[in-house]
Amino acid sequence: MADPGHEQSTIGVPIKASSNAMNLNVACSQAEENGFSDLVPATGTEEEVREILQQTSLKLVDDHLVEFSEALRTVAKALRRVAEGTAIATAEAAEWKRKYELERARNLQLKKQSEGSHHNPFNEKLQNSPDRVVMSGPQIEQTEKCCGKHGICSHEILWDEAPQSNSKLAQEMADAKKASFKLCWGCNGEKSGQHKHEIVSFERGNITTAERSSKQILLKWESPPQTVLILTKPNSISVRTLCAEMVRWLKECKKIIVFVEPRVRTELLRETSYFNFLRTWKDDDEKKLLHTKIDLVVTLGGDGTVLWAASMFRGPVPPLVSFSLGSLGFMTPFQSEQYRDYLDMLLKGPISITLCHRLQCHVVRDAAKDELETEEPILVLNEVTIDRGISSYLTYLECYCDSSFVTCVQGDGLILSTTSGSTAYSLAAGGSMVHPQVPGILFTPICPHSLSFRPLILPEYVTLRVQVPFNSRGHAWASFDGKDRKQLAAGDALICSMAPWPVPTACQVDSTNDFLRSIHEGLHWNLRKSQSFDGPHDS
Ligand SMILES: NC(=O)c1ccc[n+]([C@@H]2O[C@H](COP(=O)([O-])OP(=O)(O)OC[C@H]3O[C@@H](n4cnc5c(N)ncnc54)[C@H](O)[C@@H]3O)[C@@H](O)[C@H]2O)c1
Ligand SMILES: Nc1ncnc2c1ncn2[C@@H]1O[C@H](COP(=O)(O)OP(=O)(O)OP(=O)(O)O)[C@@H](O)[C@H]1O
């Protein structure tokens with residue numbers, strides 16, 4: 001009798017059994033092809049093999065579907081990024097074109113005004129030269145230097161026609177006529193109005209760069225400062241004592257309105273009710289408006305207090321004066337013992353300042369439907385670190401710079417640092433020390449598991465994107481100036497670019513002198529005993 005579970009074929013073979021056996025063979029070979037051969041026992045019964053194959057084939061289907069949907073998601077995101085990038089680039093190019101046309105129109109007008117009445121130094125030089133070239137076509141002219149007030153200085157004054165002359169040089173010049181060109185801005189060069197000054201000018205076809213980093217800046221008060229915010233390192237008796245003394249002096253000798261943190265006000269009031277005049281804020285909304293009231297911020301503590309002060313301002317930051325009451329004090333150039341003299345000087349002005357750039361960081365969760373759906377931006381003065389946190393696996397981070405793939409970080413993590421943060425964690429991870437006025441973003445790996453991964457310094461206008469890919473074994477953790485750890489799961493990304501609000505920090509002397517003094521005194525840079533004169537010499 002036939003097995004009730006099996007139909008009979010016309011030749012009396014149980015169909016299901018035979019097809020099952022066939023399927024089994026096919027499935028076995030498929031499993032082997034897919035690298036699951038070790039799962040199929042060599043001496044297993046048919047039932048055991050079938051069970052394993054059912055599990056593996058289901059697992060395979062599931063895995064393939066997951067992989068496929070992840071791949072689709074990645075492609076969709078990449079397409080969206082490309083589309084956004086193109087839109088931004090097109091808008092920027094249009095804006096530059098508009099500025100260029102305006103500038104050109106202005107130049108033509110200037111040329112008309114000055115024609116006939118104006119000696120062109122360039123032409124004069126040519127006329128006096130032995131190989132005199134008689135210029136024809138549009139006159140080459142020196143326009144007044146326009147520095148940023150009118151947007152880009154794009155005086156494109158190329159001569160369109162060949163100079164006419166019988167001289168040999170003129171003939172050679174005519175033969176080697178310089179091709180005209182145009183420079184277009186296709187990246188985030190002027191994103192969010194960060195770059196108000198001209199970047200590149202091209203006069204007579206020569207590309208000339210304007211200075212990108214600012215020279216020493218002086219801050220001059222137009223009206224006397226009236227409000228000072230004092231921020232202090234917590235749990236330090238010497239800091240609290242100095243704070244109380246400084247508050248009294250500012251109020252009584254300088255008639256200054258003093259703000260302190262709510263914690264500090266409570267502490268001081270516990271000592272005496274004299275400090276009732278101290279101002280503070282009640283909630284986050286009031287705190288957000290501080291920059292509209294405060295003329296000068298004073299910090300009493302170490303570098304951590306400077307970072308704390310910067311983190312309080314999520315937009316513009318008032319000028320910051322840091323008194324050293326910490327151990328290292330890389331960013332605290334003023335000695336607290338002479339605070340009266342320094343404050344006297346600073347309240348009068350002018351103040352030599354360093355604009356310490358900050359990075360603006362956005363976390364984009366994979367769950368977000370839209371790339372623009374980010375969490376509140378976080379501003380850092382030193383760096384944002386993406387590391388493996390408590391995970392014991394290597395971090396696996398995909399990094400992009402604008403739309404270009406940079407690398408995959410496989411190691412303990414990655415530091416994206418400002419130049420003023422270059423002497424902090426980035427330095428410890430092997431990054432360069434960079435003068436704080438150099439505009440740039442440091443890209444420093446932490447313990448990379450690779451012999452060839454060297455730190456990079458990228459230009460300040462780029463946008464960096466660090467993504468935890470779906471095939472990462474562990475999560476990553478982002479921390480901001482060493483604080484506020486945030487977990488980044490597979491698919492999450494951190495987007496980082498230069499923030500438009502630097503921290504204007506008062507210098508003791510100037511930014512270069514302060515920087516060099518800090519690396520010598522704080523970090524003992526290149527400390528070595530001098531070679532003695534005593535010994536062999538070049539004859
Ligand atoms: N391995 C490391 O060197 C390491 C590890 C973690 C954090 N950090 C740094 O600590 C910073 C947080 O500082 P904190 O005071 O809140 O923590 P903290 O008390 O742990 O101080 C870390 C040290 O870094 C110094 N520092 C901070 N900013 C600096 C800068 N721009 N240049 C030179 N030295 C600097 C501080 O003076 C302090 O000695 C982070 O932003 C990070 O740069 C460094
Ligand atoms: N006003 C504040 N409120 C809360 N925390 C603060 C404040 N000021 C500083 N901190 C935190 O206190 C810690 C120690 O401060 P800070 O780094 O200034 O002192 P330090 O460690 O003695 O000095 P240094 O960093 O020069 O060694 C830092 O982590 C900082 O973030």
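Data table
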{"item": "Answer from Val239, Val247 - the residue that is in a helix (DSSP H, G or I), within 26 Å of Pro333 (Cβ to Cβ) and within 16 Å of ligand 1 (Cβ to nearest atom)", "result": "Val239"}
{"item": "Leu381 being within 21 Å of Leu464 (Cα to Cα), within 16 Å of ligand 2 (Cβ to nearest atom) and open to solvent by less than 20 Å² (accessible area, probe 1.4 Å)", "result": "yes"}
{"item": "Residue count for the stretch 216-272, restricted to those that are among the aliphatic types (A, V, I, L, M), more than 16 Å from ligand 2 (Cβ to nearest atom) and either in the same structural domain as Gln338 (by TED's automatic domain parsing) or loosely packed, with under 13 Cβ neighbours inside 10 Å (or both)", "result": "5"}
{"item": "Segments classed as helices (runs of 4 or more DSSP H), wholly inside the stretch 283-365, with at least 1 members that are within 12 Å of ligand 2 (Cβ to nearest atom), at pLDDT 95 or above and not assigned by TED's automatic domain parsing to the domain that holds Asp481", "result": "303-312"}
{"item": "Any hit, the stretch 297-308, residues being more than 16 Å from ligand 1 (Cβ to nearest atom), surrounded by fewer than 21 Cβ atoms within 10 Å (Cβ to Cβ) and of a type in the set (Phe, Trp, Tyr)", "result": "no"}
{"item": "Every pair of residues 6+ apart whose Cβ atoms lie under 7 Å, when the first sits in the stretch 271-283 and is in contact (Cβ under 8 Å) with a residue 12 or more places away in the chain and under 16 Å from Glu261 (Cβ atoms) while the second is open to solvent by 60 Å² or more (accessible area, probe 1.4 Å) and in a loop (DSSP other than H, G, I, E, B)", "result": "none"}
{"item": "Residue pairs meeting the criteria (Cβ under 7 Å; at least 6 apart or on separate chains; first over 14 Å from Phe515 (Cβ atoms) and touching a residue at least 40 places away in the same chain (Cβ under 8 Å), in the stretch 320-335; second in a strand (DSSP E or B) and within 7 Å of ligand 2 (Cβ to nearest atom))", "result": "Leu325/Gly301; Gly326/Gly301"}
{"item": "Pair list, Cβ < 8 Å and 6+ apart or interchain, from the stretch 485-497 residues that are outside the structural domain of Tyr400 (by TED's automatic domain parsing) to residues that are surrounded by fewer than 18 Cβ atoms within 10 Å (Cβ to Cβ) and among the hydrophobic types (A, V, I, L, M, F, W, C)", "result": "none"}
{"item": "Only listed residue being away from ligand 1 (no atom under 11 Å from the Cβ) and under 30 Å from Cys253 (Cα atoms), chosen from Leu414, Leu347", "result": "Leu347"}
{"item": "Filter result for Leu416 (over 14 Å from Leu458 (Cα atoms), away from ligand 2 (no atom under 16 Å from the Cβ) and touching a residue at least 40 places away in the same chain (Cβ under 8 Å))", "result": "no"}
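One line per residue, one yes/no per condition, for (1) away from ligand 2 (no atom under 16 Å from the Cβ); (2) assigned to a loop (DSSP other than H, G, I, E, B):
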| site | (1), (2) |
| --- | --- |
| Val466 | yes, no |
| Pro469 | yes, yes |
| Arg473 | yes, yes |
| Trp477 | yes, no |
| Arg485 | no, no |
| Leu494 | yes, no |
| Trp501 | yes, yes |
| Thr505 | no, no |
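The values are calculated or read from the model by the stated rules, or taken from the named source; none is laboratory data. What you see is a predicted model; the values in this text were computed from it and never measured. Note: ideal-geometry Cβ built from the backbone for every residue, glycine included; neighbour counts use all protein chains shown. Heads up: the accessible areas ignore ligands, DNA and RNA and are worked out on the full protein's heavy atoms, side chains in. Shrake-Rupley method; radii C 1.70, N 1.55, O 1.52, S 1.80 Å.
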